Amino acid sequence: MVGATTHSGSKAGSVLDKVEVSGLDFSDAENQLTAQETNLWTAVEGENGTVALYNKASNKYMHFESGNRAVTLTDEATYYEAVLTDHHAAGKALAFRLGTWYLNFSESQNGFCAYDASTYSQNETKDTNQYALYEVKSGVTPTPTPDPDPSEGDAKATLLFCSDFQTGTEVSPYQSVSDVPESLTSVMTNISKAIYDDGVTKIDRVLAVGDYTAYTGRYNYDADATIGIQAFKNIIQNRWTDTDQFLFIQGNHDQANYPFDEGANEYEDYIVYCINTTYNSSEMGGFPWMQGSTGSEAQVKKAAQKLGDYLEGCITAGETRPIFIMVHLPLHFSGRTSSLYGNGDNLYSSYLFDVINTAAEDLDIVYLYGHNHSKGWDNYIGGSRVFKRPGDTILIPDLTKKSGSTTDSYTKEELNFTYMNAGYIGYFHDATAADELTATVCRIYDDKLVLSRYSEDGLIDIGSVGKNNTRYNDSAMIPATELTQATASPVQIDLNQVAVPSVTLEAASGKVGEKVALKATVKHIKASSYKWSIEDPAIADLTAEENTADVFCKKAGSTNVKVTVTDTDGNTTVGQAVLEVSYDQTAGASAKIQDADGNGVTTAGKNERMILKGALSGIPEVVSYKWSVSDPELAELEDADSAETAVTFKGKGEVTVTLLVTYKDAQGQQQTVTADTKVTVSEIPTYKRAAEMKPGKSYLIIGSSGKALNAEISPVGGVACIAGTEMQTADLGNAGDVIKGEYSALLWTIEKDANGQYTLYNKAAKKYLSLSASERNVNLTDTPVKLSVEKGALSNGSGFCVAFYNGTMYLNHSKSKQAYCGYSGETVTNANNQFAIYELVGGEAVKTTYTVTFNSWGGSAVAAQTVEKGAKVTEPSAPTLEGYTFAGWYTDEACTTQWNFATGVVDRNLELYAKWNEIEVPEPVIDTAELQKLVDEMDRVDLEKYEKDAAYDAFVAALQNAKAVLTDPESEQAVAEAKAALTEAYANLKLIEMPEPEPTPTPTPGKDDKTPGTGKDNKNPGKGTTTTTPAKDSSKVVPTGDSTEGMMVVLCMMAAAAGVIVIRKKSAEK
C-alpha cells in the first residue's frame, strides 16, 4: 500500500514508504481490507481527466516530475494522467503517468518512486506501475472508533436538539393540528421512540432551531408557526409525558407573530442564547437568510454586538456553565453563500463567528443550526449530520472579497467551540438513506457533555462523511481537501472547569502633561470592587472608575500601575502594568491651551461648556497647574488646580483663559511657564461632532462631500435629490470638529421608535425625510417615514458616522449628480453612504419641538399640533364618523393604550389614533300580516278548475315566492311586491269552460231579493235586469270559496283595485 511518509533511497532522494497490508487478495474482486485513515488518498480531479493525489492526514499532495525519480509530499497539487489498464493479477488497475514517467514500486528503493518506462520500452502494463484501488465502503469507513461511553451516573440535565419540522413538498397552510401530514409527524415519532428505547427516558428541555410551518412554495417568513409547533410538542409530550420545557427560535419560513425565544436564557446547569432570523428591527438584532440581497449587515452586526456583550459579561463573571447558541442559519461557507445560489445566504456570518470563537477561548460553547436541509449545500461538511469539535477547522465566508451580494471566497479558521446542526426532522434533499433525518441528545455532566445522534433506526454517527455537491458542482470552490470525516456517536466534549481568574493591564506610555487611558481586562471574576493605585505618585496622578482609569503624566520616569479586583466572595486578584513617562529633552519648556481633542480654542458659543487641557513640551516634571479667567462674568471654571478643567462661557464678549504651570527643570530647579488664549464668546450657535446619535436631539447631518442635508428637493437627471448646503468650515478629518454659525434651517430632529427605526424631521420645513425602498428618489413628506440606521466610522475622515437606509436603498452622495439620492449598494462601509453628525453645544439653544398627528381612521379631520418637548398636547374637539361614537385617542393602532391629555407630556413625534364604537341600529319590523292573509286564501283555491297554461304556472310561482318572502322578509317593498304579484297572477287564471245551463225564468225582484254572492238588496232604479256591483279596495278583499259567483266578486274587486269596473250584462229576455 502507498504510504504517506517518505524515506531516502539509494537512487531516489525521496521515496514514499510502503505499508504492508494483511488479508490482501487481488484474485478476489470483492476483496475487502481494513486500513488506517492515514493511508487514504483522495483523487482530486483536474483538467482533461487528470488527477492529483491528496493525503488528508498529512495535508499534503503526492509529487513527482519528469526526469527525477524522487517522490515527495508538497502543499501544491501536481496532476497526472490516470491510465486505465488490466491488472497483472485480476480486474482493472490505474497507472499514474507524467509523460513517460510513472509512479513505480521499486524493491531496491523499498518504496514508491518515479520511473522512466520508456527506457525499456515499457508502459502502464508493467506490473510495478499498476495500482489496484480500494474505495471507502459507504457508511462504514472512515467511521472512527467512538469515544468510550462516558454516561455513567446521572446527568445534571438532558437536552434534545432538532430543527426544520417541515415537509419537503408543498402543502396547504395548516388550519389545525390534524392538517400536519402523517408523513412528517411519523419521522419525529419514530426518532423519539428510538431515543426512548435507547434508555433516554427523560428530556429536561427541547431546543428547536426554526422552521415549523407548512411549506407552501414560498420562503420569506410567510406562515404562522403556531400549529406546527403545537403538533411537534404533542409528539414530544406523547413520548416524554413530563417534558414541558421548550425553546423555539424563528426560521426563515416562520412569521414573527409567534413569541419566539430571544437572548440569554439562564438555567441552573447551562445557558441557552437564542438569535432569531427575523427581518424586523429587534433590539437584539437578528441573523436572517439571503443576507447579501436583503441588506442585513446592520442587523447581523447588532446581533453580534449583543451576543458579544453578553459573552464578555460571562467571561468577566467567571461563568463555567456550557452555553448553547441557537441560530437557524449556519456560520460556514457553502454554495448557498456564493454566486452558485446568488443571494449571499449567510454572507455576514464572520461577525458572529469572530465573537463566538474569541469568547470560546474562555467559555464552553456549542453552536446549533438548521436551515441547510435542501439541495445538498452542506454535503462537503457532512450533509445532514454536521459535527465539528474544538480544534477542527471550518470555512467562514470572506466578507473582504464580497462581490455584489455574494462571496466565492472563504477563510479557514480553527474552532474553539463545538459546531453542529441540531438534526433535521422534516426532510433532507440529496439524502441517500432514511437515516439522514435525525435528532440529537445532549447529556450535561459536571465535567463533560455527551452528544448522541439518533435516526429512526437508532444511534448513528453524529458527523457524516463529506462529499461534493453534485447538483451544483461546488468542487471548484471547495476542494477535496476540505471534505470532512465521520464522527461516531456518542461523542464526549470536555468542559473547562478550571476557570482561572485574571486581571490584565496593557503596558502604557505617555509624555509629561498628557493623559493616558488604561483598561483592566477581567476574566472569571464576579467583581464587586476595583482598587487602583500607582507605585510612584510623583510620576502620575490617577483617577479611576471601575475597570477604567485615566493617568495624568507629571514627571518623566517609570512606575507600576496596579488594579486589585475583589469578587463577591471577598477574594482578590491583581493586575499591573508599567507606565513609561517621557518628555522632549531637545525642546524648551512651553505650554499651550487646547480642547479635549487637541484643537486650539479662540471662539465659543454662549452657554457652551468646554474641556480644556495644557499641552506641555520640554518639561521633565510638573509641580502644579493653575487655571484662571480674565472675567468671571463671562467664563466660569469648574476645577482650577488640575491638568484638565471645564469652562462654561456664560456671556457675550472676549475673555482670556490662562494656565500657569509650575515645573522642575532638568537640574531640579522650580520654574513656571504660562499659556493663555483669548476666546470670543458670541450668541452664534456652536455645533460639535457627536460620537453617538441620541433620539430626541437635533443634528447637522454632513455627508462625505462636505455638504449638509437641507430640506430642498430638486430633480437631477430624472431623480429627486437633495443638493445639500456646502459647509466650508466642516473638517471631517477631525473627530472633534466644531462648526459655528446660524444653521438652524439645516437641523434634523432624530426620533427612534420601539422597533429601532428612525425618522428625520426638519423643523424649519416642517417635513420628514423620505427615502424610497426601490427607487433613487428622495422626498419630503408631512407624515413620518421610517428609516433604518447603520453606525460606523468615516472612511475619508475620522470618527463616528451613520448611514440611513430603507431596505437595500441607502441615502448616498452621488458623484455623478453631485447631490444626495438613493443608491442600492454597499453599506455604511461605502464612503458615499456615510454622514457625520453635529450637535448644538453652545449659543442660543434651539427649542426642541415635536409634531403630534391625529389619525381619525376616516372620521372628520383633526389638525396636527406642534408641541415643545415636555409640554402637554391640547385635547382637540372630538371627531365624528357616521354610524360610530368617538371613544378617545390612543397611542397605538390597536387602541389599547389611551393618551391622557391631563398628565401626558410629549418626548417624541407622536401619532394618536381615534377609537370608534359602532352605533347599534335595531332591525326594522316588517308587517307581513296582509301578505300572510292573502297567501292563506290562495292556498284554498282549487287549482283543478283552472286551465294549466302560462297564467297557471305564473300563479304557482307567485305563490311560492310569496311564501319565501314570508319566511325571510327583506323589506316592506319586498312584501308589497310579492303581494301585488300574487294578486295579479290570480286574476290572470282561466277557468275551465263548462256547458252553459238552460236559462230559467227570472223572478221579479222583490224587496227581499238579494244579489247573488253579496247578500245585499238588488234594487235597480232603472229599467231592465242589469245590476251594478260597487267597486271596493282589492287589498281588503279575499275570496271566500270557489263558487263562480265568488270568483266573479273577487275578479271584480281586483279589477276595481286596478281602477276598472267590469259590468256583466245579461239579457232578461228568453
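The values are calculated or read from the model by the stated rules, or taken from the named source; none is laboratory data. On a predicted model such as this, the values are computed, not experimentally measured, just so you know. A quick note on method: Cβ atoms are made from the backbone with ideal geometry, for glycine too, and the neighbour counts reach across all protein chains shown.
Yes/no matrix, rows are residues, columns are (1) free of Cβ contacts under 8 Å to residues at least 12 places away in the same chain; (2) assigned to a strand (DSSP E or B); (3) surrounded by 22 or more Cβ atoms within 10 Å (Cβ to Cβ); (4) within 30 Å of the chain's Cα centre (by Cα):
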| residue | (1), (2), (3), (4) |
| --- | --- |
| Glu413 | no, yes, no, yes |
| Thr440 | no, yes, yes, yes |
| Val450 | no, yes, no, no |
| Arg453 | no, yes, yes, yes |
| Leu459 | no, yes, no, no |
| Arg471 | no, no, no, yes |
| Thr481 | no, no, no, no |
| Gln485 | no, no, no, no |
Among (1) touching a Leu at 6+ places or on another chain (Cβ under 8 Å); (2) surrounded by fewer than 24 Cβ atoms within 10 Å (Cβ to Cβ); (3) within 25 Å of Pro479 (Cα to Cα) - the single one Ser339 does not satisfy: (1)
Restricting the search to the stretch 550-584, which residues are outside any strand (DSSP E or B) and over 21 Å from Lys613 (Cα atoms)? Thr568, Asp569, Gly570, Asn571
Odd one out for Asp892 among (1) under 25 Å from Lys694 (Cβ atoms); (2) more than 31 Å from the chain's Cα centre (by Cα); (3) part of a loop (DSSP other than H, G, I, E, B): (2)
Which one is farthest from the chain's Cα centre (by Cα), of the residues in the stretch 688-721 that are over 15 Å from Phe800 (Cα atoms) and of a type in the set (Lys, Arg)? Lys707
When the stretch 249-269 is examined, which residues are found to be closer than 20 Å to Tyr310 by Cβ and not polar (S, T, N, Q)? Ile249, Phe260, Asp261, Glu262, Gly263, Ala264, Glu266, Tyr267, Glu268, Asp269
Quick check on Tyr699: is it within 28 Å of Gly870 (Cβ to Cβ), part of a strand (DSSP E or B) and of a type outside the set (D, E, K, R)? yes
State whether the residues of the stretch 524-536 include one that is within 34 Å of the chain's Cα centre (by Cα) and surrounded by 19 or more Cβ atoms within 10 Å (Cβ to Cβ). yes
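Residue check: is Gly696 more than 20 Å from Gly799 (Cα to Cα), touching a strand residue (DSSP E or B) at 6+ places or on another chain (Cβ under 8 Å), in contact (Cβ under 8 Å) with a residue 40 or more places away in the chain and surrounded by fewer than 20 Cβ atoms within 10 Å (Cβ to Cβ)?
Yes, satisfied.
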For the stretch 773-829, what are the residues that are within 19 Å of Ala298 (Cα to Cα), more than 24 Å from the chain's Cα centre (by Cα), part of a loop (DSSP other than H, G, I, E, B) and not aliphatic (A, V, I, L, M)? Ser795, Gly799
The one condition Val841 fails out of (1) touching an Asp or Glu at 6+ places or on another chain (Cβ under 8 Å); (2) modelled with pLDDT of 90 or more; (3) not in a loop (DSSP other than H, G, I, E, B) is (2)
Ala730 vs (1) modelled with pLDDT of 90 or more; (2) more than 27 Å from Asn855 (Cα to Cα): all pass except (1)
Only listed residue being over 15 Å from Thr487 (Cα atoms) and surrounded by 19 or more Cβ atoms within 10 Å (Cβ to Cβ), chosen from Ser409, Ser405: Ser405
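Being hydrophobic (A, V, I, L, M, F, W, C) and either in contact with a helix residue (DSSP H, G or I) (Cβ under 6 Å, 6 or more places away or on another chain) or assigned to a strand (DSSP E or B) (or both) is the filter here, so list the residues in the stretch 102-133 that pass it. Outline the logic, then answer.
Let us first name the residues in the stretch 102-133 that are hydrophobic (A, V, I, L, M, F, W, C), namely 103, 105, 112-114, 117, 132-133.
Scanning the stretch 102-133 gives Leu103, Phe105, Phe112, Cys113, Ala114.
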Name every residue in the stretch 801-816 that is buried (at least 17 other Cβ atoms within 10 Å of the Cβ) and out of contact with any Asp or Glu (no Cβ under 6 Å at 6 or more places or on another chain), in order of residue number. Cys801, Val802, Phe804, Tyr805, Asn806, Thr808, Met809, Tyr810, Leu811, Asn812, His813, Ser814
Name the single residue that is farthest from Met938 (Cα to Cα) among those in the stretch 968-995 being over 60 Å from the mean Cα position of the chain (by Cα) and part of a loop (DSSP other than H, G, I, E, B). Pro995
From the option list Val655, Val623, Val601, Val647, single residue qualifying as among the β-branched types (Val, Ile, Thr), closer than 23 Å to Thr672 by Cβ, surrounded by fewer than 16 Cβ atoms within 10 Å (Cβ to Cβ) and in contact (Cβ under 8 Å) with a residue 24 or more places away in the chain is Val623
All-but-one check, Gly733 against (1) in contact (Cβ under 8 Å) with a residue 40 or more places away in the chain; (2) under 23 Å from Lys817 (Cβ atoms), failing number (2)
Any chance the stretch 254-264 includes a residue that's among the small types (Gly, Ala, Ser), out of contact with any helix residue (DSSP H, G or I) (no Cβ under 7 Å at 6 or more places or on another chain) and surrounded by 23 or more Cβ atoms within 10 Å (Cβ to Cβ)? no
Taking interchain pairs and intrachain pairs at least six residues apart, which have beta carbon atoms under 8 angstrom, with the first residue in the stretch 749-778 and on the phi > 0 side of the Ramachandran plot and the second part of a loop (DSSP other than H, G, I, E, B)? Gly756/Ser281; Gly756/Ser282; Gly756/Glu283; Lys766/Asp782
